[in-house]
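Taken together, the values in this text are just the output of simple stated rules run on the coordinates, not laboratory data. Note that the structure is predicted; figures quoted are calculated from it, not measured. When we count neighbours, we look across all protein chains shown, and the Cβ atoms used for this are built from the backbone with ideal geometry, even at glycine.
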Amino acid sequence: AAAAIQHRHTIHVSSLLPSSICQSSAQELDKKSSLRVVHKHGPCSELHQDKANIPTHAEILLQDEARVKSIHSKFANKGSINDIDQNDAANLPAKDGSVVGSGNYIVTVGLGSPKKDLNLIFDTGSDITWTQCQPCARSCYKQKDPIFEPSLSSSYSNISCSSTICNSLSSATGNSPGCSSSACVYGIQYGDSSFSVGFFAKDTLSLTSTDVFPNFLFGCGQNNQGLFGGAAGLLGLGRDKLSLPSQTAAKYFKYFSYCLPSSASSTGFLTFGYGGGVSRSVKFTPLSTISDGTSFYGIDIIGMTVGGQKLPISASVFSAGGAIIDSGTVITRLPPTAYDALKSAFRKQMSQYPMAQPLSILDTCYDFSKYSTVTIPKINFFLSGSVVVPIDAKGIFYVNSISQVCLAFAPNGDDTD
Amino acid sequence: VGIFGNTQQKTLQVVYDGAKGRLGFASGGCS
């Protein structure tokens, strides 16, 4: 009996839903190089006030699927800015109804002199930091913050087309740069057709009041399409040399950490540098590099357990396609063979609870409406380097409502994806 | 590729050490 308890979470059903008020943690505020992380649509976010534009959970999951397709497309082929732009940022196709993925977690940074605060989606799955810029020559979506106005910043300048920095956009975005009136034009296009195009520029980035970076390279978007949920753009935390960790490497040595909050009504943090204080219990796994995906943070998954039982999955199933960690993807995607084993074991150990209708890409859902507490099997990931990653109880389910609580994993289309 | 998404990262402290080419995890990272 003791062993069974050890391998199961007992959770109050009421805790599965976020509170309507923000329960902020002050921990991150004690650190000089820390930013507060909030869920984009939760009560801790300034963007939360725009309730009319909050997507449904089904819409969020569809956006998540679009993001995954976008990631897969980066491995499948290389895009070209010529698909969307030749030389003029003002003459670009605008596509409606596109999505870039639900992103979900945002931080607030300052840009320009004097600085203007911007809520940006933080994203370990992309490299370029970009924000919407006036005059929005072609198109800007609706955002909560005032759109950045370069002409009001004394430290702003465009990057020249002839600059070697301009050419470095190719690896960071997957697209060759363009040129408009001698100004370097970046374009980042996602597999779902959403994109941001504009001037590649530099200005002062203020992560905190003490951590200020002059001449930070970013995209000043003049044509932006996608459902960014009111955020002003993206903070690119990938591995390319134009990413934020690379541009700030002299101070932070490409070292950063974060904690994503347990619910949309609580806060987490994003900390740069060694000084943030890392838990003594942290275990490290080697980063792997995936061919054609050098911007991503690759990890080697070796195995999984559900309720203490090792899933019968050959290590080759995980190694065939490899794996990455991504702060912008909501639902973990597994090789179909691995997902089938997870689903089978999970359903077997949850057989005492009534199942509910599937939710979009999630096919294992439960109706907890008649329960005050539930016990669920713990899930562990095993990574190379003898690292065990125990998934928090809040990380096992995606909750639409108490009567539709779904296992928050989904399969890829093919084991080799 | 498989993708380790943000739902599964909740409450973990995730440490990116790009210089040393490693990635760290610790439980209870937000508390």
Note to self: What does DSSP give for the protein assembly as shown in terms of the percent of beta bridges that are antiparallel, rounded to the nearest 5?
What the structure shows: 85 percent
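Over 21 Å apart: what share of the alpha carbon pairs of the range A:270-366 falls there, rounded to a whole percent?
Considering the range A:270-366, 51 percent of its Cα-Cα pairs are separated by more than 21 Å.
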Item checked: Proximal lysines relative to residue A:310, as straight alpha-carbon distance under 16 Å, when same-chain residues fewer than 8 apart are discounted -> A:343, A:348, A:378
Checklist line | Spatial separation of Cα centroids for the range A:104-120 and the range A:301-365, in angstrom | finding: 36 Å
Margin query: From the mean inverse distance of alpha carbon pairs (Kirkwood) and the Cα radius of gyration, derive Rg over Rh for the range A:178-315.
Written below: 1.02
Notebook entry, point to check: When the C-alpha atoms of chain A are aligned to their principal axes, what extent does each axis show, in angstrom, from largest down?
Noted result: 71, 42, 42
Checklist line | Net charge of Cβ neighbours under 13 Å - reference residue A:60; Lys, Arg +1; Asp, Glu -1 | finding: -1
Next item on the list: Taking chain A as the reference, fit the longest principal axis to its C-alpha atoms, fit the long axis of helix A:57-76 to the helix C-alpha atoms, and give the angle between the two in degrees, 0 to 90, nearest 10.
Entry: 70 degrees
Notebook entry, point to check: Working from the pairwise distances between different alpha carbons, so that the mean of 1/r is found and then inverted, what is the range A:223-274's Kirkwood radius in Å?
Noted result: 13.1 Å
Checklist line | Inter-site label distance for residue A:367 and residue A:162 at 7 Å from Cα along Cβ, in nm | finding: 7.1 nm
Next item on the list: Would you give the gap between the C-alpha center of the range A:391-408 and the C-alpha center of the range A:218-269, rounded to a whole Å?
Entry: 26 Å
Item checked: Cross-link pairs A:142/A:254; A:142/A:241; A:254/B:10; A:202/A:254; A:115/A:202 - those with Cα-Cα distance over 24 Å -> A:142/A:254; A:142/A:241
Next item on the list: Find the relative contact order for chain A and round it to a whole percent, using C-alpha pairs within less than 8 Å whose residues are 6+ positions apart.
Entry: 21 percent
Note to self: How charged is the neighbourhood of residue A:251? Take every other residue with its Cβ under 12 Å from the Cβ of residue A:251, and add Lys/Arg as +1 and Asp/Glu as -1.
What the structure shows: +1
Check: Does anyone have the angle between helix A:336-349 and the longest principal axis of chain A? Alpha-carbon axes, 0 to 90°, nearest 10?
Finding: 40 degrees
Next item on the list: With 32 Å as the limit, write out which pairs from A:69/A:251; A:144/A:283; A:32/A:283; A:144/A:370 have Cα-Cα distances beyond it, or answer none.
Entry: A:69/A:251; A:144/A:283; A:144/A:370
